[in-house]
Amino acid sequence: MKGYGPETFGELNAGDYDRLHDPGTTDAAVDLLSEFALPGRTLELAIGTGRVALPLARCGCRIEGIEASAEMVAKLREKPGGADIPVTLGDMASVKAEGAFDFIFLIFNTLYNLTSQEAQVRCFANAGEMLAPGGAFLIEAFVPDLSQFHNHRSMQPRHISFDRLAIEAAIHDPVTQRIDYQYLRFTPDGFRMTPLPMRYAWPQETDLMAQLAGLTLESRWGGWDKRAFAADSRMHISVYRKPGA
Ligand SMILES: C[S@@+](CC[C@H](N)C(=O)[O-])C[C@H]1O[C@@H](n2cnc3c(N)ncnc32)[C@H](O)[C@@H]1O
């Protein structure tokens, strides 16, 4: 999508990210992530406004972040404890936080915000390089449901009420595995468009990206409650391990 760079998500969404982007799984995510995050050094790629990083820090986790958007980091900084979390500004596919980490994670489908296979492969390599020997890299990402598309196009009402309408429109390119989304919101205050280009990867492709980065699949679940990953799972949580010293 022309004009959309790593900083664009934050420019468009930082103002109301916390209000509009609640996946409803934050507590369960923090529970599972804390199993890996304690007691070592932890890094969240695309830390955003600290949705999970702040509760992890409150649990005693030593957490840092990488984030492309200064606007998202500014929102993190406004929150209690948000000023204490070190954040490196830049593209998670290339920028490095200082030192080695025992645990790195990238959740809420954000691997797909990197809109080419090449960038996703670089992101895995970058995470692998920042991991200490024996460290783990966890990702959470959706498993595409291509049945929602007709002729590679989809239009879905997301919310209808007396004075509000939200619609998600999407176009799928099966060759590049890209989905260009446009979220349309109509309220009495006006009409707003929020574009989001994504590039999905099947779980087996992410395994290969991990393998290229020297990481091996250790666990895969179909939810934050560690339910088994199955053919009908709509998301996966995968943990990759770097060999020990
Ligand atoms: C869906 S939000 C997730 C934020 C946070 N991890 C959470 O779970 O709430 C996606 C985040 O990725 C950031 N982002 C997008 N592309 C990025 C990139 N190439 N490098 C670093 N951050 C990026 C956005 O600015 C945004 O903060």
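The values are calculated or read from the model by the stated rules, or taken from the named source; none is laboratory data. What you are looking at is a predicted structure, and each value in this text was computed from that prediction instead of being measured. Ideal geometry is used to build each Cβ from the backbone, glycine not excepted, and the neighbour counts take in all protein chains shown. Keep in mind that these areas ignore ligands, DNA and RNA; they rest on the heavy atoms of the full protein, side chains included. Shrake-Rupley method; radii C 1.70, N 1.55, O 1.52, S 1.80 Å.
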> Of all residues in the stretch 219-245, how many are surrounded by 13 or more Cβ atoms within 10 Å (Cβ to Cβ) and of a type in the set (D, E, K, R)?
Replying inline: 4
>> Taking the conditions exactly as written (among the charged types (D, E, K, R), touching a strand residue (DSSP E or B) at 6+ places or on another chain (Cβ under 6 Å) and either without any contact (Cβ under 8 Å) to a residue 40 or more places away in the chain or more than 11 Å from the ligand (Cβ to nearest atom) (or both)), does ASP102 satisfy them or not?
In response: yes
>> Please go through (1) open to solvent by 50 Å² or more (accessible area, probe 1.4 Å); (2) closer than 28 Å to PHE124 by Cα; (3) without any contact (Cβ under 8 Å) to a residue 40 or more places away in the chain; (4) not aliphatic (A, V, I, L, M) for TYR183 and return the number of the only condition it doesn't satisfy.
In response: (2)
> So which residues in the stretch 25-60 are polar (S, T, N, Q) and in contact with a helix residue (DSSP H, G or I) (Cβ under 8 Å, 6 or more places away or on another chain)?
Replying inline: THR26, SER34, THR42, THR49
>> Go through (1) more than 22 Å from ILE237 (Cβ to Cβ); (2) more than 9 Å from the ligand (Cβ to nearest atom) for GLN117 and report which single condition fails.
In response: (1)
> Quick check, is THR110 β-branched (Val, Ile, Thr), in contact with a Pro (Cβ under 8 Å, 6 or more places away or on another chain) and in the same structural domain as THR216 (by TED's automatic domain parsing)?
Replying inline: no
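Tell me the strands (runs of 3 or more DSSP E) entirely within the stretch 185-245 that contain at least 3 residues that are among the small types (Gly, Ala, Ser) and modelled with pLDDT under 95. Talk me through it step by step, then tell me what you get.
Numbers: elements: 190-199, 216-221, 235-241.
It comes to none.
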>> Suppose we keep only residues that are assigned to a helix (DSSP H, G or I) and in contact with a Phe, Trp or Tyr (Cβ under 8 Å, 6 or more places away or on another chain) within the stretch 97-119. Which one would you say is surrounded by the fewest Cβ atoms within 10 Å (Cβ to Cβ)?
In response: TYR112
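When residues of the stretch 123-137 are filtered for being surrounded by 19 or more Cβ atoms within 10 Å (Cβ to Cβ) and either basic (Lys, Arg) or more than 9 Å from the ligand (Cβ to nearest atom) (or both), how many remain?
Narrowing the stretch 123-137 to residues surrounded by 19 or more Cβ atoms within 10 Å (Cβ to Cβ): 123-124, 126-128, 130-131, 135-137.
Next, from what is left, pick out any that are either basic (Lys, Arg) or more than 9 Å from the ligand (Cβ to nearest atom) (or both): 124, 126-128, 130-131, 135-137.
Here the count works out to 9.
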